[in-house]
Amino acid sequence: MSKLAFTPTIPQGSTILVTGANGLIASHAVDQLLAFGYNVRGTVRDPSKCTWMEPLFSSRHPSSRFELVQVSDFGAPGALDAAVKGVAGVAAVAGAAALTIQDIDSALAEEWPWNESLLRAAKNEPSVKSFVYTTSAWSAYTPDQTKKTKLTEWSFNEHAIQVVRSNATPEEKGIKPYMAFKTLLEQKLWDWVRREKPSFTFNSILPETVIGKCLDPKGQGFPSTCGMVKWVVDGVNLDMLASIPPQWHVDTIDCGLLYVAALITPGVNGERLFGFSDRYSWPRIGQILQKLYPEKKIPVMEDNGWDQTDVPNQRAEQLIKGLGHKGWTSLEESVKACAEGFM
């Protein structure tokens, strides 16, 4: 159990609910919560696909308890009521919308009700002291390496909403419908919190592109953006990677720690926490991999610039330092930690 330099708002030994616990971000939130002496109840849609989780966490954290529960349909009435029962905190990580969505209103009509249901279940459960919601860096901005932009804690991606509501072609919209969806959904959550005034603290986390150590390369594999690092080594899907603009990344461990900090640190309430560890681009990741593994023929990708966005990530770094962490992890460290799992 990790020692804390402060008295946490949630006593160690309490149970925290983590939704979508098998995902890249959520699994690291689970791992860090267990490391800090919390028990975790993790929801998954299909436990038969997550048999790696309980053996992994019990071996890594024998003094903490990890419990896997099935919630097949978040949209079913009262689907999360039992999962929330008796927990001291909620880390809402699960989301349904895909990057390819086009109809943001339909996506909101589908996803908002079960997010509201989870919030209401937490409000009605007296044991809940803290609630952390996972949105996206893209809820704050659209990456564009050609522009110098300064974000504030309360920057929202109104640009994406305007483009999606315009007569732009599907090609011009690209993945902006997903960005607009995440923006509008997060705004609805904040509106709910201001209106309902729950007794628990409420904060949102905005993770950028997640890169770093994978907890179980054999059982979990290399999900989401960690798998893209492997693409670079394997020389596959390079055109897709080349189309992604330079922006920021968040290390997997930094991200997991941010959930712990947001849930248990005194005085953290009503904040948007930017999970931005360091700037990155896929060509730069290729260069790092070339340096790490000179014997490999890592493909050379054409340089596509560097992010110029000024981001308010200092508060989040302060919070993970408060847990005894060194601060934000560099891109080089994150890429190395990721690659060590498959090289």
Matching option when the condition is modelled with pLDDT of 95 or more, among the aliphatic types (A, V, I, L, M), part of a loop (DSSP other than H, G, I, E, B) and touching a strand residue (DSSP E or B) at 6+ places or on another chain (Cβ under 8 Å), among Ile25, Ile10: Ile10
The condition from (1) at pLDDT below 95; (2) open to solvent by 40 Å² or more (accessible area, probe 1.4 Å) that Thr225 misses is numbered (2)
Considering Ser59, Ser72, Ser48, Ser63, which residue is under 20 Å from Ile10 (Cα atoms) and out of contact with any strand residue (DSSP E or B) (no Cβ under 7 Å at 6 or more places or on another chain)? Ser63
Going through segment 104-120 in order, the residues found to be open to solvent by 80 Å² or more (accessible area, probe 1.4 Å) and at pLDDT below 95 are Glu110
Within segment 104-118, is there a residue that is touching a helix residue (DSSP H, G or I) at 6+ places or on another chain (Cβ under 9 Å) and among the small types (Gly, Ala, Ser)? yes
If only one of Val311, Val250 is hydrophobic (A, V, I, L, M, F, W, C), modelled with pLDDT of 95 or more and more than 25 Å from Phe36 (Cβ to Cβ), which one is it? Val311
Which ones in segment 228-243 are open to solvent by 10 Å² or more (accessible area, probe 1.4 Å) and either at negative phi or aromatic (Phe, Trp, Tyr) (or both)? Met228, Lys230, Trp231, Val233, Asp234, Val236, Leu238, Asp239, Met240, Ala242, Ser243
Cβ-Cβ under 9 Å pairs, at least 6 apart or on other chains, segment 91-102 side at pLDDT 90 or above, far side open to solvent by 30 Å² or more (accessible area, probe 1.4 Å) and part of a loop (DSSP other than H, G, I, E, B): Ala94/Arg45; Ile101/Ile175
Inspect segment 53-75 for any residue being buried (at least 19 other Cβ atoms within 10 Å of the Cβ), within 19 Å of Val128 (Cα to Cα) and touching a His at 6+ places or on another chain (Cβ under 7 Å) and give the result as yes or no. no
Mind checking which residues of segment 80-93 are in contact with a helix residue (DSSP H, G or I) (Cβ under 7 Å, 6 or more places away or on another chain) and either part of a loop (DSSP other than H, G, I, E, B) or open to solvent by 40 Å² or more (accessible area, probe 1.4 Å) (or both)? Leu80, Asp81, Val93
Output the number of residues of segment 195-238 satisfying the condition of being over 18 Å from the mean Cα position of the chain (by Cα) and not charged (D, E, K, R). 13
Answer from Lys85, Lys49 - the residue that is charged (D, E, K, R) and modelled with pLDDT of 95 or more: Lys85
I need the full set of residues from segment 188-208 which are open to solvent by 20 Å² or more (accessible area, probe 1.4 Å) and touching a Ser or Thr at 6+ places or on another chain (Cβ under 7 Å), in order please. Thr201
Mind listing just one residue for me: the one in segment 3-50 that is open to solvent by 40 Å² or more (accessible area, probe 1.4 Å) and hydroxyl-bearing (Ser, Thr, Tyr) and, of those, nearest to Thr265 (Cα to Cα)? Thr9
Has segment 161-173 got at least one residue that is out of contact with any strand residue (DSSP E or B) (no Cβ under 7 Å at 6 or more places or on another chain), open to solvent by 40 Å² or more (accessible area, probe 1.4 Å) and within 21 Å of His249 (Cα to Cα)? no
With the first residue restricted to segment 30-55 and required to be on the phi > 0 side of the Ramachandran plot, and the second required to be in a loop (DSSP other than H, G, I, E, B) and at pLDDT 95 or above, Cβ contacts under 7 Å at 6 or more apart or on different chains are Gly37/Gln12; Gly37/Gly13; Gly37/Ser64
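The values are calculated or read from the model by the stated rules, or taken from the named source; none is laboratory data. Keep in mind the model is a prediction, meaning the values are calculated, not measured. Here Cβ is always computed from backbone atoms with ideal geometry, including for glycine, and neighbour counts include all displayed protein chains. Remember, those area values only see protein heavy atoms, side chains included, never the ligands or the DNA or RNA. Shrake-Rupley method; radii C 1.70, N 1.55, O 1.52, S 1.80 Å.
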